[in-house]
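Heads up: the structure comes next, in structure tokens.
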Ligand code: GDP
């Protein structure tokens, strides 16, 4: 599946701009700087894929990518950016919640957590939102190459604990690095299992 081209086809900034639901969708979310763009690029093997979204001032949009006519990858806006105003945070929650609630073809949300740092309140808020909307999500640790083995093991345990305690969470925690390629094939396999045949 991932040997095939993945192409950007739609950007939505507001809830009423979402494309009509079609192919199954897998959405990616996480705090800004979690490594989401790098992960999307590593997954698809397309170095500049997620850069489409990084036009300054237009970063708070949902970007839709068609993967070989079998699946749509959705790049959700990064949340928890320290400098973002409360209004911006509210807007983000609004658009994301509208998308999550009203998306019958959304198969799973990949919730990215930085393996190097503790889970923040914005991450817990995102998980609460996913539980409330009853949207299946899976925790993906990023930047695993940048953490020592002891700390990484502790972060994996923490993530597994979160997966157990959050009702909408998938039990399998994925450990990835866009730098080393760790866990990328596993993540691809998870996503491929959700695509149309
Ligand atoms: P985004 O804001 O979530 O899209 O994050 P980016 O993909 O732009 O990455 C944010 C920063 O983290 C950049 O400086 C990346 O070089 C770095 N980064 C991303 N992925 C990895 C990784 O797997 N390992 C390491 N060590 N750094 C990473």
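Read-outs throughout are calculated quantities, based only on the coordinates presented, and are distinct from any laboratory measurement. Just so it is clear, the model here is predicted, and its values are computed rather than measured. Note that we place each Cβ from the backbone using ideal geometry, even for glycine, and neighbour counts take in every protein chain shown.
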Two pseudo-spin positions, 7 Å from Cα along C-beta at residue 164 and at residue 145, lie apart in nanometres by 3.2 nm
Place a point 7 Å from the Cα of residue 179 along the Cα-to-Cβ direction; which residues of segment 139-159 have their backbone N under 11 Å from it? 143-148
Global geometry of segment 69-197, whether rounded, prolate or oblate, following the gyration tensor of its Cα atoms and the 1.5 cut on a/c: oblate
Could you tell me how far the Cα centroid of segment 63-119 sits from the Cα centroid of segment 127-197, in Å? 15 Å
Take the chain, connect every pair of alpha-carbon atoms lying under 10 Å apart with a spring to form a Gaussian network, then pick out the residue of 171, 24, 149 with the largest mean-square fluctuation. 149
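Using R₀ = 22 Å, calculate the FRET efficiency as 1/(1 + (r/R₀)^6) where r is the Cβ-Cβ separation of residue 97 and residue 121; round to 0.05. Kindly include the intermediate steps, with their values, before the conclusion.
Numbers: r = 17 Å, r/R0 = 0.77.
Efficiency at R0 = 22 Å is approximately 0.85.
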